[in-house]
Amino acid sequence: AVDAAIAVLLCVGVHNCHSTGIGGGFLMNIYDVTKQECIAIDAREAAPSSAHQRMFVDGNPPPSSVSGGLSIGIPGEIAGYWSAHRQYGKLPWSALFKPAIDMCNEGITVQKALAFSILQNKNKLWEHRPFRRVFFKGDSDEVYGLHDTIYRPRLGETLAIIAEKGPSAFYNGELSAGVCDEIRSNGGIINEKDLATYHARVKPALKIKIKNNFTAYGVPPPASSAITLLILKVMDGK
């Protein structure tokens with residue numbers, strides 16, 4: 001099940017790249033039926049070592065906290081997938097990447113959510129040549145829309161390297177310098193040491209008992225599961 005989840009999430013990163021992808025992070029609960037325990041993986045993005053409390057105030061316009069290189073945290077997705085796979089995976093690591101790599105090379109059909117996001121962010125995408133190559137038709141200013149086909153060969157190459165050489169290729173190998181250079185060229189502050197020292201964190205899951213002897217689990221902060229579990233307890237009359 002963990003292998004399947006990772007493979008699907010990699011595909012979602014190709015198909016719904018406006019919402020998730022290897023440049024981001026995630027939170028995951030995994031229930032181990034053998035041990036009858038639930039663990040949580042915190043693979044959320046982390047602040048770079050050069051981050052400070054006034055970085056979005058001193059000389060930087062407010063949008064810099066949500067757009068551009070300065071807004072980017074240290075990516076945790078690949079490290080988190082590796083942590084989950086190392087503990088619970090059964091298939092070879094490389095096998096988990098094949099469906100996503102195939103999607104990159106064979107093309108994906110743009111669905112409603114992605115089409116909307118591309119259109120909404122058209123001007124921002126146009127400002128960056130790598131995005132123009134992906135989301136604009138040729139040299140025109142026309143973006144790909146609903147039911148168009150988009151190809152991601154360069155992302156496919158990146159995924160293939162990670163599939164073959166493991167997460168170290170991304171965090172401390174042939175991809176890491178390029179990742180940092182691209183971020184810095186757009187005003188970011190992530191450096192090679194930030195990538196090399198990133199680790200996903202494994203924690204005990206939050207746990208409560210609710211009506212009819214059910215157990216509910218959640219991911220600890222920074223997730224909001226504690227609020228969800230509190231609501232369940234209130235609904236349970238406790």
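Somewhere in the stretch 47-63, is a residue modelled with pLDDT of 95 or more, closer than 29 Å to G218 by Cβ and touching a helix residue (DSSP H, G or I) at 6+ places or on another chain (Cβ under 8 Å)? Yes, the stretch 47-63 contains a residue that is modelled with pLDDT of 95 or more, closer than 29 Å to G218 by Cβ and touching a helix residue (DSSP H, G or I) at 6+ places or on another chain (Cβ under 8 Å). Would it be correct to say that G76 is at positive phi, in contact with a Gly (Cβ under 6 Å, 6 or more places away or on another chain) and surrounded by 14 or more Cβ atoms within 10 Å (Cβ to Cβ)? Considered against the rule, which asks whether it is at positive phi, in contact with a Gly (Cβ under 6 Å, 6 or more places away or on another chain) and surrounded by 14 or more Cβ atoms within 10 Å (Cβ to Cβ), G76 comes out as no. Every listed requirement among (1) closer than 26 Å to V66 by Cβ; (2) of a type outside the set (S, T, Y); (3) surrounded by fewer than 18 Cβ atoms within 10 Å (Cβ to Cβ) is met by A200 save one, (3). Could you say whether any residue in the stretch 120-130 is loosely packed, with under 13 Cβ neighbours inside 10 Å, modelled with pLDDT of 95 or more, farther than 30 Å from N172 by Cβ and polar (S, T, N, Q)? Scanning the stretch 120-130 turns up at least one residue that is loosely packed, with under 13 Cβ neighbours inside 10 Å, modelled with pLDDT of 95 or more, farther than 30 Å from N172 by Cβ and polar (S, T, N, Q). Of the residues making up the stretch 150-173, those that are farther than 12 Å from E192 by Cβ, over 17 Å from the mean Cα position of the chain (by Cα) and outside any helix (DSSP H, G or I) number 2. Does the stretch 70-89 include one or more residues that are aliphatic (A, V, I, L, M) and not assigned by TED's automatic domain parsing to the domain that holds E164? Checked the stretch 70-89: no residue is aliphatic (A, V, I, L, M) and not assigned by TED's automatic domain parsing to the domain that holds E164. Would you check if there is a residue in the stretch 159-169 being in contact (Cβ under 8 Å) with a residue 12 or more places away in the chain, surrounded by fewer than 13 Cβ atoms within 10 Å (Cβ to Cβ) and under 22 Å from L10 (Cβ atoms)? The answer is yes; a qualifying residue exists. Counting only residues that are in a loop (DSSP other than H, G, I, E, B) and aliphatic (A, V, I, L, M), which one in the stretch 14-44 is nearest to P220 (Cα to Cα)? Residue satisfying both the conditions and the ranking: V33.
Restricting D141, D148 to those that are acidic (D, E), surrounded by 12 or more Cβ atoms within 10 Å (Cβ to Cβ) and free of Cβ contacts under 8 Å to residues at least 60 places away in the same chain reduces the list to D148. In this structure, is R86 crowded, with 18+ Cβ neighbours inside 10 Å and of a type in the set (K, R)? It is false that R86 is crowded, with 18+ Cβ neighbours inside 10 Å and of a type in the set (K, R).
The values are calculated or read from the model by the stated rules, or taken from the named source; none is laboratory data. Being a predicted model, the structure only gives us computed values, none of them experimental. Backbone-built Cβ (ideal geometry, glycine too); neighbour counts: all protein chains shown.
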